[in-house]
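Note sheet for the following structure.
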Amino acid sequence: MFAKLRNQHFMKPHIAIVLFSTLFVFALNAHELTVPHVSVTGTATTYEEPDLIHWSISVKNEGPSLPNVSQTHSQVVANTLRLLKSQRLKKKSLQTTNMRFDEKYEYRERERKKVGYIAQTRIQFTLKNIDAYQQIWTELAKIDGVSVEQVTYDIENRIALRDKTRVLAIKAAKRKASALAKALDSDIAKPILIEDISYDPRPAKASSANAVRMLESHGGGGDSAIALGQIQVTMQVNVKFQLVD
């Protein structure tokens, strides 16, 4: 009996909080409906040259003997890491993942037979020195069993660039709202609501095949074999402004 009363006693504050929250949200929505306002979307786009390159490379070798495959694989991974550590990488970006050994099978005479073993490791890192891109690519190409899976361009100060672009989007929304209000012989007051509705895409990908062709066409030296271009950052906001005479 006492436990039941105690539970009822503690439930009342929770019910009150839920009711208060519901009424508060309803009051906000009702306020938006009753106050004359204009709702606009502001969009802004900025462009920045990338200063980071994210790499994902794979080290893979195979053979009939697992101990030999393991020993060779460890040596290739060690050589690759030694090369990368000598470059200007982003701090703590060098990482080895998906280390695995698998049995290799082939179909021979309509039968699935084991023919050896496969060792594979993925290495990921971020390069800060853009000018070293071609050198790293050329050095990696000299190591048997190493392949480049993916290269993406990025911006180190992406958050700051997004913040800057978001402010431009808000200013664009204000200009749009002012123009709409002026057409109605009105003006805008302080905003009632500001909502960020932006979508942040993934870093821009660079085609590995294209990079190989460019390196070959430049003979692995001379002018830069990559075209970084610019990364686009677009921010969008929804703003409601109160209308005044």
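May I ask you to list the trypsin sites (Lys or Arg not before Pro) in region 96-157 that are in a DSSP loop and have at most 13 other Cβ atoms within 10 Å of their Cβ?
Details: sites: Arg100, Lys104, Arg108, Arg110, Arg112, Lys113, Lys114, Arg122, Lys128, Lys142; in loops: Arg110, Lys128, Lys142.
Those that pass, being in a loop and sparsely packed, are Arg110, Lys142.
Among Val151, Gln71, Thr97, which residue has its Cα furthest toward the positive end of the charge dipole of region 52-154, with +1 on Lys/Arg Cβ and -1 on Asp/Glu Cβ?
Positive-end residue among those listed: Thr97.
Full-extension gain between Glu156 and Asn79, please, as 0.36 nm times their residue separation minus the C-alpha to C-alpha distance. Write down the numbers at each step before the final one.
Numbers: separation 77, 0.36 × 77 = 27.72 nm, distance 2.80 nm.
Length difference between fully extended and current span is 24.9 nm.
Would you pull out the residues with amide H under 5 Å of Ser198's amide H, same chain only if 5 or more places away, H placed 1.01 Å from N?
The list, which skips near neighbours in sequence, is Gln236.
Pop a pseudo-label 7 angstrom from the Cα along the beta-carbon direction at both Ile197 and Ser39 and give the gap in nm to one decimal.
Placing both labels 7 Å beyond Cα along the Cβ direction yields 0.8 nm.
Given a Förster radius of 25 Å and the C-beta distance between Ser86 and Ala141 as r, what FRET efficiency does 1/(1 + (r/R0)^6) yield to the nearest 0.05?
Once rounded, the FRET efficiency stands at 0.95.
Report the convex hull volume per residue for region 27-172, counting only C-alpha atoms, in Å³.
About 232 Å³ per residue, rounded to a whole number.
Can you pull the semi-axes for region 124-194, root of five times each eigenvalue of the Cα gyration tensor, sorted largest first, whole Å?
In descending order, the three semi-axes are 51, 10, 10 Å.
So which of Lys60/Lys90; Lys91/Lys171; Lys60/Lys92; Lys128/Lys190; Lys90/Lys176; Lys92/Lys164 end up more than 32 Å apart, counting from Cα to Cα? Kindly include the intermediate steps, with their values, before the conclusion.
Working: Lys60/Lys90 25 Å; Lys91/Lys171 36 Å; Lys60/Lys92 23 Å; Lys128/Lys190 43 Å; Lys90/Lys176 41 Å; Lys92/Lys164 27 Å.
Lys91/Lys171; Lys128/Lys190; Lys90/Lys176, as the Cα separations exceed 32 Å there.
Taking neighbour counts of Cβ atoms within 10 Å as a proxy for exposure, in what order, fewest first, do Phe241, Phe125 appear?
The fewest-first ordering by Cβ neighbours comes to Phe125, Phe241.
Values in this text are rule-based calculations from the coordinates and carry no lab data. Keep in mind that what you see is a predicted model, and the values were worked out from it rather than measured. Methodologically, a virtual Cβ is constructed for each residue, glycine included, from the backbone with ideal geometry; neighbour enumeration extends over all protein chains shown.
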